[in-house]
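Readers should treat all values here as calculations from the given coordinates under stated rules, not as data from a laboratory. All figures in this text were calculated on a predicted structure; none of them were measured in a lab. Note: ideal-geometry Cβ built from the backbone for every residue, glycine included; neighbour counts use all protein chains shown.
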Amino acid sequence: MAIKPLIAPSILSADFSRLGEQIAEAEQGGADWIHIDVMDGHFVPPISMGQMVTETCRRVTDLPLDVHLMVEQPDEMLQSFAEAGADHIHVHIEASPNIQRSLERIHKLGCKAGLAVNPETSAAAMLPYVQLADIVLVMSVHPGYSGQDFLPEILPKVSELRRAITKSGTSALIEIDGGVHAETLPLALEAGAQVFVAASAVFHHTEGIAAGIQALRNASLEKQKR
């Protein structure tokens, strides 16, 4: 049975002077998860946020914290993010020297394990590890900055991953991150994605955070009706 699409607002586009308030608005507006983009200035150019921000998010919401590690040497950070309150931890196949070990370590820490890939990485590179992952995160922009345009060329990869997951009998979710808004979400939903990370589309929506989430929800419902 298909799950309802899940909306995971990314605080990368939040107003950090009002972070607690904006997370509360997202929760009240129907967010399913809170997505936290961790960047180290090496794996991707920017430096964003870390364990202290994760701890802050944990104090202000009971929603699952979906932590996306865009960092070199991710294994060195897994325990500290688990202790900070992460519910899910995503590690990039391009950054981990041993992705199987990373995913197993995340499970041992009591978190759901996410297998993340950049747009250029093929589904074939992920398939040996899909059964170890609770979530497969496909970047639909080049990682590092919010506000980028969605890359439709990732959609065949999503479809291939969906077929592989279904065939394997696992329950791994496919998560899309980057350029997600009311026009692009239905494309990813049709390809087989179930979780949608949105930053600007939520926190920069002209009518507010709740309206941004509702626009995404409406787009998913319209697609499911067709």
Task: Distance histogram in 10 Å bins (all Cα pairs of region 61-143, percent per bin) - done: 19, 57, 23, 1
TODO: Work the Kirkwood hydrodynamic radius out for region 163-226: mean of 1/r over every pair of different alpha-carbon atoms, inverted, in Å.
DONE: 12.4 Å
Open item on the list: Normalised by the empirical 2.2 N^0.38 Å for globular proteins, what value does the Cα Rg of region 114-226 take?
Closed with: 1.05
Open item on the list: Counting other beta carbons within 10 Å of each residue's own, what order do D134, D66, D87, D15 fall into, fewest first?
Closed with: D15, D87, D134, D66
Open item on the list: Treating only the Cβ of Lys, Arg, Asp and Glu as charged (+1, +1, -1, -1), what charge dipole size does the chain show about its Cα centre? Round to the nearest 20 debye.
Closed with: 760 debye
TODO: Quick one: among M52, M70, M39, which has the greatest mean-square fluctuation in a GNM of the chain with alpha-carbon springs under 10 angstrom?
DONE: M52
Task: Zone of D87's modelled label, taken as backbone nitrogen in region 185-210 under 20 Å from a point 7 Å along Cα→Cβ - done: 193-199, 202-203, 210
Open item on the list: Given a 10 angstrom Cα cut-off, can you work out which residue in F81, F43, F16 is the most mobile in a GNM of the chain?
Closed with: F16
Open item on the list: Let me test this: with uniform point scatterers at the alpha carbons of the chain, what is the Debye-based log₁₀ I(q)/I(0) at q = 0.11, 0.12 1/Å?
Closed with: -0.48, -0.57
Open item on the list: Running a GNM on the chain with Cα contacts under 10 Å, which residue among A164, A86, A201 ends up with the highest mean-square fluctuation?
Closed with: A164
Open item on the list: Translational diffusion coefficient of region 104-161 at 4 °C, 1.567 mPa s, Stokes-Einstein with Kirkwood Rh over Cα pairs, in µm²/s as a whole number.
Closed with: 104 µm²/s
Open item on the list: Order these by the 10 Å Cβ neighbour count, fewest first: D177, D40.
Closed with: D40, D177
Task: Dipole axis of region 25-142 (+1 Lys, Arg; -1 Asp, Glu on Cβ), positive-most option in I36, C57, C111 - done: C111
Task: 222 nm mean residue ellipticity, helices alone, for the chain (DSSP H n ≥ 4; -39,500 (n - 2.57); rounded to 500) - done: -10500 deg cm²/dmol
Task: Ranked list, fewest to most other Cβ atoms within 10 Å of each Cβ, for K4, K112 - done: K4, K112
